[in-house]
Structure formats: C-alpha cells, structure tokens
1. Which residue fluctuates the most in the chain, going by a Gaussian network model with Cα springs under 10 Å, if the choices are Val180, Val164, Val129?
2. Work out how much length Leu84 to Glu69 would gain on full extension: take 0.36 nm times their residue separation and subtract the Cα-Cα distance, in nm to one decimal.
3. Considering only DSSP states other than H, G, I, E and B, which trypsin sites (Lys or Arg not before Pro) in the range 121-207 qualify as loop sites with at most 16 other Cβ atoms within 10 Å?
4. Over what distance in Å are the Cα centres of the range 131-198 and the range 39-113 separated?
5. Do any GluC sites (Glu not before Pro) in the range 44-126 lie in a loop, going by DSSP, with at most 12 other beta-carbon atoms within 10 Å of their beta carbon, and if so which?
6. At 222 nm, what value in deg cm²/dmol follows for the chain if DSSP H runs of at least 4 each add -39500 (n - 2.57) and the sum is divided by all its residues, to the nearest 500?
7. Of Lys42/Lys85; Lys150/Lys191; Lys31/Lys191, which sit over 21 Å apart, Cα to Cα?
8. I need the calculated FRET efficiency for the pair Ile2 and Tyr41, taking r as the beta carbon distance and R₀ as 22 Å, to the nearest 0.05.
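Computed from the coordinates by the stated procedures, all read-outs in this text should not be read as laboratory data. Just so it is clear, the model here is predicted, and its values are computed rather than measured. Cβ: placed from backbone, ideal geometry, glycine included. Neighbour counts: every protein chain shown.
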Amino acid sequence: MIITKGNYYSLEADLSTMSVSQYKLFIKCEKQALAKIRGEYKVSESDAFLLGKYVHSWSEGTLDKFKEENPGLYSSQGKTKGQLKSTFKVAENMVKALEEDKACMKFLEGDKEVIIQGELFGIKWRGMVDVLNLEKGFFSDLKTTQAIHKKYYGQTFIEHYGYVEQMSIYRELIKQQFGVDLVPYIVAVEKSDNPLKAIIRVDERYT
C-alpha cells in the first residue's frame, strides 16, 4: 500500500503498516488496539488533543483550514459567541511564543509532514515527520506539554510519553528511506498563557 497524507490515518493504513501511535496503543492495551484496527473503536478527540492539533496546524501552514473544519473551537453563545474558547486562546499564545523565538523557529524550518516508510523488527512501518531538513541534517517533532520540567515517576515528559522511542524509530525510517542519519530534535512548548519552550536533542543520552 502506498501511504499518503490522505490515507495515513485510515484503517487500511493501520492494517498494512505499524505506526508509533499503534505501537503505543498495543503496549497500553492489545484488545483496544485490535478493536481500533477493526474499526470497532475510535479514539475520542479531547480539547487537549485539538489544542495540540491547533499548534501543529500552525506549524504546517494549515491553521485557517483547521479552524474552518473545527467550528467547536469557537464559542456558540453568550457575549463570547464567535470567539475562540479559552482553551484555544491558550493555543494562540503558544503559537505567538514560538513565532517570537528565533531558535525554535530555526528548528521548525524544513519540509512539513513528510511521510516515511521502512521495515523494523520484520514488519512494515510508517511515520509522518513534523519537520524534515535534509540540508541542515536534522528532523524535529513539535510537542505540546503540560510542563516541560515536570517529572512523571522520575521520568521527563519525553521519556514518559514514549517520545524517545518515536524519535528512534523515525531516525531509522529516515535512514532507510533517504540514506542519511539525521539528528532528532523535539521542539516543546507548554500549554499555558505564558509558555516555556525548549529545544531538546534526542541523542545518546536517551537512545
């Protein structure tokens, strides 16, 4: 199966290739993961999920389209009717903070939402890289998080949420597809009105 942006999240894609999100779901609950592949279970889109999508859509350059497709971002009654809900006003502040940070913007420069495919552990895998910059020798993933310095049972947020595994898998798939070994980075921004930001190199310290 040829994976495209149009079918990347389809059941057919899930059946033909493994992805990091599928892998994480199998680790969490095999029964739930199999139900999703069969079309019997669908992950709900919470406000936290949509907030992350809001910020990613900005990075991808498709924010206006995202807003049009998600009218639930806006208040539908009262004095705030037609305005962004408070949750997504936070997203606007996150975007502004990134736009004003030259270092973060540097690591968000490159080809966006690049599909990668390869074989790992005897099965076919797929991924979608937020930012791929072959010329400058890196790829990056934009992550929104509650608090950059928060610890989860002694782990950093990138360890706790499996981002180390994600970046390691993406690194190998990129190596297979493009023949280059790129340095992985995470550009992180907190979900707050005055967010902290960080550029994290996922190197030997983690892998």
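1. Val180
2. Net length gain for the segment: 4.0 nm.
3. Lys136, Lys150, Lys151, Arg205
4. 18 Å
5. Here the sparse-neighbourhood loop sites are Glu45, Glu100.
6. It lands at -11500 deg cm²/dmol.
7. With Cα atoms farther than 21 Å apart: Lys42/Lys85; Lys31/Lys191.
8. Rounded to the nearest 0.05, the efficiency is 0.25.
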